[in-house]
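A quick write-up on the structure given underneath.
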Amino acid sequence: MKKIAVLGSTGSIGTQTLEIVRTNGDIEVEALAAGNNIDLLERQIREFRPKLAAVWKEERAAELKNRLRDTDVRIVSGMDGLLEVAAVPESEILVTAIVGMIGILPTIEAIKAGKDIALANKETLVTAGHIIMPLAEKYGVSILPVDSEHSAIFQSLQGGQRSALHKILLTASGGPFRGRKREELEHIRVEDALKHPNWEMGRKITIDSSTMVNKGLEVIEAKWLFGVSVDQIQVVVQPQSIIHSMVEYEDGAVIAQLGTPDMKLPIQYALYYPERRYLPGDRLDFAELTQITFEKPDMETFYGLKLAFDAGRKGGSLPTVLNAANERAVAMFLDRKIKYLQIPEIIQACMENHKNIADPTVEEILKTEQETYEFIKNRW
């Protein structure tokens, strides 16, 4: 019986993780953590019977504790609660499905406690990859990617020698605005940007996909996960979302992972690695598919992707600025406080304003995040 803990259990990745638990029947959930959706969290607790659950706000935790007084679950709150869930003694794997840089400290805590990490929180490696990857090596734990693209790279690397890796081909759908020019994006509404053509995701990541900033964050994440330079990563637009990513070896061979757009596949692969399990769902029908097409990304229109490449090359604290600025700008757009095209404008202004720190500590990373938020607050 495999034992797991889940950070972000009420979000898209968290709920799909628990669907896999439900379907397979041989995973025990030791701990769950959520933001403020205590209605869903209560249902999850009653179904999966974890020993520990965390809610971000203390008052919501108190309310949940009252609702669950007929159970044995222990309810905790705040960052201390997340850290406790991350290191719960009985679990073997921590699924980090929480959104934002709030995931850094719990991930570090879990690694130090000897837990393997099923990583769905890209901000952890984007901002602190220089800390996380050496720490995982020191404590002998595995970082198992849950993102569709990084899982595809990880799976493709099973087919060759890691030392012979020449290039990563990171695929992108192109989002809902693929093919449009900047002037055509002037009056984009929130509703337009939330209509992804292939994937069902949370609101923030769906906006990130539309601006292609998400792909830029994935470039930086891949740099750390697979030990390559940013210039060894090529973004390829593959609109059908059939090829989830590829690797090219020194001899020119390219190995790809293909499948229907279903996040449960990479989640399940991370939970059971190296075992493969049956997964219910659609299968590729190549007779029906007939073709797979490729395009270059338009890094002039979607220049958030170009900014991410710049941040990834320079490293230091600059990726934290990129991530924090994007996070705040997307939130402002979703709240209808700024226009769609202001998202990359805000990111660029924040990056230009920042004095880069070459090898930031966790404290400096979190301070940089707050300074970026403050800069945006004072200017927009």
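Assuming 0.36 nm per residue, please report the length gained on full extension of the stretch GLU352 to LEU135 beyond their Cα-Cα distance.
Working: separation 217, 0.36 × 217 = 78.12 nm, distance 3.05 nm.
Contour length minus the Cα-Cα distance gives 75.1 nm.
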Just report the Cα centroid separation between segment 237-292 and segment 1-42, whole Å. 24 Å
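Using the Cβ atoms and a cut-off under 12 Å, what net charge is assigned to the surroundings of GLU345, where Lys and Arg are +1 and Asp and Glu are -1? Walk me through the numbers before you get to the answer.
Values: positive: ARG182, LYS339, ARG379; negative: GLU352.
Value of the local net charge: +2.
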FRET E, pair ARG379, ASN66, Förster distance 56 Å, beta-carbon r, rounded to 0.05: 0.85
Under 20 Å from the 7 Å Cα→Cβ point of LYS181, by amide nitrogen: which residues of segment 338-365? 340-342, 344-345
Of all DSSP beta bridges in the chain, what percent run antiparallel (nearest 5)? 25 percent
Straight-line reach from LYS57: which lysines fall under 17 Å, measuring Cα to Cα and dropping same-chain residues less than 8 apart? LYS65
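Where does the charge balance sit around ALA308 when Lys and Arg score +1, Asp and Glu -1, over other residues with C-beta under 12 Å from its C-beta? Kindly include the intermediate steps, with their values, before the conclusion.
On the way: positive: LYS122, LYS215, LYS223, LYS306, ARG313, LYS314; negative: ASP208, GLU218, GLU221, ASP310.
Once all neighbours under 12 Å are counted, the net charge is +2.
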Could you state the number of Å between the C-alpha centres of segment 213-234 and segment 151-197? 12 Å
Grab the Cα-Cα distance for SER142 and ASN24, subtract it from 0.36 nm times how many residues apart they are, and report the gain in nm with one decimal. 40.3 nm
Which of HIS150, HIS354, HIS187 comes first, and how do the rest follow, when ranked by fewest Cβ neighbours within 10 Å? HIS187, HIS354, HIS150
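Read-outs: derived from the displayed coordinates by stated rules, not from any lab. The shown structure was predicted, so the numbers you read here are calculated from the model rather than taken from an experiment. When we count neighbours, we look across all protein chains shown, and the Cβ atoms used for this are built from the backbone with ideal geometry, even at glycine.
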